[in-house]
Each structure stands twice: as C-alpha cells, then as structure tokens.
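Note sheet for the following structure.
The values are calculated or read from the model by the stated rules, or taken from the named source; none is laboratory data. Since this is a predicted model, take the numbers as computed values, not measurements. We place every Cβ from the backbone using ideal geometry, glycine too, and count neighbours over all the protein chains shown. Side chains included, ligands, DNA and RNA excluded: accessible areas come from the protein's heavy atoms. Shrake-Rupley method; radii C 1.70, N 1.55, O 1.52, S 1.80 Å.
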Amino acid sequence: MLTNNVWHDVDEYFFEKLIPVDKTLDNVLQTNKNANIPEIDVSPTQGKLLYLLAKIKGAQNILEIGTLGGYSSVWLARALPETGKVYTLEIDPTYAEIAKQNILQAGCGHKVEVIVGNALDSLPILKKSGPLFDFIFIDADKPNNPQYLKWALELANTGALIIADNVVRNGEVIDSKSEDERVQGVRHFMDLLEQEPRIEATAIQTVGIKGYDGFVLATVK
Ligand code: SAH
Ligand code: DHB
Ligand code: MG
C-alpha cells in the first residue's frame, strides 16, 4: 500500500518539473496564509490542469463557483485570451476582498469579475445579465452541488466543460449512510449526473499534496 507521503512527494516532483517558478502564484498563497484563509485551494498541479483544460477548450467565458482567495481564478484567467472573462462567485466578503487584491496583483484584474454573495443569489442574476459559459468550475459548498449543476446547465454553451472539485473526499463518496452533508451533496450531484441526458461525464480520482480526492469532468451536449 502506497502511503500519503509518496503521493505528496510525487506531486511535489511533478510540480517542480512541470510548473515554472512563479512568484505571482506564490504571492497569492502567501497572502492567503497571512490572512488566515483556509488552505483549501486547488493544488498547483490541479490549478495547471484547470488551466490546460480551459486552454484546450478555447474558453472565452469561465464561471467559477467558490473563489476563496482567487488562486484557481488566476490559473483560469491565465488560460483566457485578452477578451475573455472569469466570473467567480464568493459568499464571504473578506475572502472576496483578498481575492480581488490577489487577482489585481497577478495582473488579471481586467479578466476577472469577483461577484460577492451567495452563489444561489448570484447565479439567477448572471442568467439574466451575464454571458453563457464554456467552462464552469464548481468548487463551493458541497451541499449545494445539485443546485449548482442545475444552474450550470442553465448557463452553459453547447459543448461547455463542467468540472466539480472534491467528489471523492478520501473515499467517503461511496458511504451512502454518511452523515456528512457535503458527502450527501456530492452523492445527490452524482445521482443527477446519472439521470441527466444533456450531460456526458466521467470522474477522476486524484492523489497529491492535498491528499485523496477527485474531479468530475462533464460536457454539455
Ligand atoms: N476555488 C478555490 C477554492 C474554493 S473553496 C481555489 O481553488 O482557489 C470554497 C469557497 O466557496 C470558499 O471560499 C467559500 O467561502 C465559498 N462558498 C461557500 N458557500 C458558498 C455559497 N453559497 N456561495 C458562494 N460561495 C460559497
Ligand atoms: C474543502 C473544500 C474544498 O473546495 C476543497 O478543495 C477542500 C476542502 C472543505 O470545505 O473542507
Ligand atoms: Mg475544492
């Protein structure tokens, strides 16, 4: 049985080999640390995965649900052409303020719109007055994942890529009796995917510096 240690060290090895030293991204993480923001951002190798997928997709408009300190927002913004935009939704005004600073410092201010408030309030407003999206990253409160999937379908262009973070949670996702509402949120989200004819999806399990977790990747027909 491989240990967590090996996952961690291999992830660091790939990080060193594949992700050039990047003061801007280091500064984002340091600012978050100084502000006592929880260290639950995507890892560097995962951030780069999001960046590569958004690039491959040729995304123009990206929706992110769950900004935190803006670490994943910066990765996503970098994947966009100059005319592209990330709309990122954050409920916590303190986190949102730090994220805005980080995004400006990273030179991505013109490409990122941080929208403060409960995503469940912001999403209907986006539907009325925002664009449709080519890439949607669901990474906020997991109990609302089923709602976020419904909104993602409302806001997606044909062919859009939808990615959801934290769908494995150390394997807890298969515990149907889990009393953790985050696990139940992910399970309900999986049930919706199972039934949704407009979506084709898969899931990948990930290990690394953030432990054992995973992503759902889906495309909208
Ligand atoms: N995507 C970020 C991590 C997001 S962590 C990154 O990888 O860098 C999850 C974030 O979702 C937290 O900042 C939390 O405050 C936010 N959140 C939780 N519930 C929310 C809601 N209902 N609406 C919007 N944001 C929410
Ligand atoms: C948590 C949330 C996340 O989005 C994540 O990537 C890791 C942990 C959490 O709420 O614990
Ligand atoms: Mg996450």
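Spot the failing condition for A99; the list is (1) touching a residue at least 40 places away in the same chain (Cβ under 8 Å); (2) within 16 Å of ligand 3 (Cβ to nearest atom), and only one is missed.
Only one criterion in (1) touching a residue at least 40 places away in the same chain (Cβ under 8 Å); (2) within 16 Å of ligand 3 (Cβ to nearest atom) is unmet by A99, namely (1).
Could we say that K221 is surrounded by fewer than 13 Cβ atoms within 10 Å (Cβ to Cβ), farther than 30 Å from N5 by Cα and in contact with a strand residue (DSSP E or B) (Cβ under 9 Å, 6 or more places away or on another chain) here?
On the way: surrounded by fewer than 13 Cβ atoms within 10 Å (Cβ to Cβ): yes; farther than 30 Å from N5 by Cα: yes; in contact with a strand residue (DSSP E or B) (Cβ under 9 Å, 6 or more places away or on another chain): yes.
Yes: the conditions hold for K221.
Considering only region 108-128, I want to know if a residue exists there that is assigned to a loop (DSSP other than H, G, I, E, B), within 13 Å of ligand 1 (Cβ to nearest atom) and of a type in the set (S, T, N, Q).
Checking region 108-128: at least one residue is assigned to a loop (DSSP other than H, G, I, E, B), within 13 Å of ligand 1 (Cβ to nearest atom) and of a type in the set (S, T, N, Q).
Confirm whether V28 is open to solvent by 80 Å² or more (accessible area, probe 1.4 Å), hydrophobic (A, V, I, L, M, F, W, C) and either under 15 Å from the mean Cα position of the chain (by Cα) or modelled with pLDDT of 95 or more (or both).
The answer is no for V28.
If we keep just the residues of region 169-215 that are in a strand (DSSP E or B) and within 15 Å of ligand 1 (Cβ to nearest atom), which is surrounded by the most Cβ atoms within 10 Å (Cβ to Cβ)? Spell out the reasoning first.
The first filter runs over region 169-215 and keeps only residues in a strand (DSSP E or B), leaving 199-208, 211-215.
After this cut, where a residue has to be within 15 Å of ligand 1 (Cβ to nearest atom) as well, the list is 206, 208, 211, 213-215.
Details: T206: 22, G208: 20, G211: 14, D213: 21, G214: 19, F215: 24.
Of everything passing the filter in region 169-215, F215 is surrounded by the most Cβ atoms within 10 Å (Cβ to Cβ).
Condition check ((1) open to solvent by less than 10 Å² (accessible area, probe 1.4 Å); (2) more than 16 Å from ligand 2 (Cβ to nearest atom)) across all residues:
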{"residue": "A35", "(1), (2)": "no, yes"}
{"residue": "K57", "(1), (2)": "no, yes"}
{"residue": "N61", "(1), (2)": "no, yes"}
{"residue": "Y71", "(1), (2)": "yes, no"}
{"residue": "T83", "(1), (2)": "no, yes"}
{"residue": "E90", "(1), (2)": "no, no"}
{"residue": "L104", "(1), (2)": "no, yes"}
{"residue": "D121", "(1), (2)": "no, yes"}
{"residue": "I125", "(1), (2)": "no, yes"}
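Just checking, how many residues over region 8-35 are assigned to a helix (DSSP H, G or I) and either within 30 Å of D92 (Cβ to Cβ) or of a type in the set (A, V, I, L, M, F, W, C) (or both)?
Total meeting the criteria: 19.
Which residues, counting only those in region 57-87, are closer than 22 Å to G117 by Cα and among the hydroxyl-bearing types (S, T, Y)?
T67, Y71, S72, S73, Y87 - these are the residues of region 57-87 that are closer than 22 Å to G117 by Cα and among the hydroxyl-bearing types (S, T, Y).
Among the residues of region 10-30, write down those that are within 16 Å of ligand 1 (Cβ to nearest atom), over 14 Å from S72 (Cα atoms) and β-branched (V, I, T).
I19
For region 37-55, enumerate the residues that are assigned to a loop (DSSP other than H, G, I, E, B), open to solvent by 40 Å² or more (accessible area, probe 1.4 Å) and closer than 23 Å to D9 by Cβ.
Scanning region 37-55 gives E39, I40.
Could you count how many residues in region 127-158 are open to solvent by 70 Å² or more (accessible area, probe 1.4 Å) and among the charged types (D, E, K, R)?
4
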